[in-house]
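A short write-up of the structure that comes next.
The values are calculated or read from the model by the stated rules, or taken from the named source; none is laboratory data. What you see is a predicted model; the values in this text were computed from it and never measured. Ideal geometry is used to build each Cβ from the backbone, glycine not excepted, and the neighbour counts take in all protein chains shown.
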């Protein structure tokens, strides 16, 4: 089985978010896909299979399958566009979150994804203890979203990942603030999925982009994820959709031996 590791939401190797891309020719059991993801030890391993005029996508963290992962979608589009279907300018992926359309041009990829709604939430003492800081505002969506005072607070926050696993709200935790050289910054934590800090998280920008578009009164935004590897994302909010743009870099091409 052909296997690629791609650094996403970056144009420089060893930055952005690495993802594993497996190209499969026939269906594979969930158990085997999970074992491969666990062996790979990346935040997500993606399984890509040709179906009709498009492709199916399955996303696995080291501990479980997730319905949506946009950095892995970007990685899959990069592999197809650069190596397997170079004349394709539009790719349609079928995922458990529905159809994801990706527009490909040179090394720029625009992913059309659903915008996530969010609602205000009072931060509990447990949440404040986990963050180690009092957020300015708190919201609930797919993930818990906390607005902090400054980019510096986002950069220096040291949450308690073990306690974060026990939160009853949210798949993950996202902290954000207005940026100094970008429209906004963020960091994203998913210890429930076996990923303490994700390096560049496309799906969390399905929450972040509408949130900041509303606050900044602009629909096109530049985002910076302040992880140790850093990720750069372009975001555009169009009605109930977020278009997330990024680049990618190939790290490895090889073969997984399944006997």
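For region 124-139, name all the residues that are assigned to a strand (DSSP E or B) and crowded, with 16+ Cβ neighbours inside 10 Å.
Scanning region 124-139 gives 138, 139.
Quick one: in region 146-183, which of the residues that are in contact (Cβ under 8 Å) with a residue 40 or more places away in the chain and not in a loop (DSSP other than H, G, I, E, B) is surrounded by the fewest Cβ atoms within 10 Å (Cβ to Cβ)?
155
Please specify each residue of region 127-145 satisfying the condition of being under 16 Å from residue 157 (Cβ atoms) and either touching a residue at least 40 places away in the same chain (Cβ under 8 Å) or in contact with a helix residue (DSSP H, G or I) (Cβ under 8 Å, 6 or more places away or on another chain) (or both).
Result: 127, 129, 130, 131, 133, 134, 135, 138, 143, 144, 145.
Quick check: is even one residue across region 96-117 farther than 25 Å from residue 72 by Cβ and either in the same structural domain as residue 168 (by TED's automatic domain parsing) or in contact with a strand residue (DSSP E or B) (Cβ under 7 Å, 6 or more places away or on another chain) (or both)?
no
Does region 39-55 hold any residues that are closer than 15 Å to residue 20 by Cα and in contact (Cβ under 8 Å) with a residue 12 or more places away in the chain, and which are they?
Scanning region 39-55 gives 40, 41, 42, 43, 44, 45, 46, 47, 48, 49.
Where in region 186-259 are there strands (runs of 3 or more DSSP E), lying wholly inside it, with at least 2 residues that are more than 17 Å from residue 143 (Cβ to Cβ) and free of Cβ contacts under 8 Å to residues at least 60 places away in the same chain?
Output list reads 220-225, 231-238.
Testing residue 170 on (1) modelled with pLDDT under 95; (2) in contact with a helix residue (DSSP H, G or I) (Cβ under 7 Å, 6 or more places away or on another chain), one condition comes back false. Which one is that?
It fails just one condition, (2).
Restricted to region 45-96, and to residues that are part of a loop (DSSP other than H, G, I, E, B) and touching a helix residue (DSSP H, G or I) at 6+ places or on another chain (Cβ under 7 Å), which residue is modelled with the lowest pLDDT?
Filtering first and then ranking leaves 88.
Tell me which residues, restricted to region 85-98, are exposed (fewer than 14 other Cβ atoms within 10 Å of the Cβ) and touching a residue at least 24 places away in the same chain (Cβ under 8 Å).
96
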